[in-house]
Amino acid sequence: MPNPDEQLVYLHCSSIFTGADAEVRKLKNVTKVLLRHNLSIEGLTDKFPLNRIATVAKKKLLGRAYSNLGLRHLDAFQNCFGNLKRKKLKAKRRRQTLPESRLKKRMRLYRLRQRRLTVIMTKLLHTYAGRRQMTLGAVPAA
């Protein structure tokens, strides 16, 4: 049976090996930690035996992959979640680098639209009130 992929083990075990569990180095202790968190690695244990998963996890622990999360296998997280973080950063930079003149222009247009809406609403209210008076039998002043 083949060994599990290192990125796959890393993704499944990154939440397991935190705190004191990140300091475990012996294969026996790694296996115990994995048994304690059996539900987290259930997808892996269906495909691979526990001793092979523990061997790959031990190799990752020796390389201190779980102590600086996200630096070793950043590409694994990007494959899972897309480049969402990078897209958010680009959008934030675009907003921050927007020239001040464009911001002023946008604010001026926004205020102009607000004024136009206010004028339209008042005209509608006045025509509605005038029509209502006419329908109630009030005679308009001649």
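Bear in mind that the values in this text are calculations on the coordinates, not laboratory data. Bear in mind the structure is a predicted one, so any value in this text is a computation, not a measurement.
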Length released on extending from Lys47 to Leu125, taking residue separation times 0.36 nm less the Cα-Cα span: 21.1 nm
Net lengthening on full extension, Leu89/Lys105 (0.36 nm per residue, minus Cα-Cα): 3.3 nm
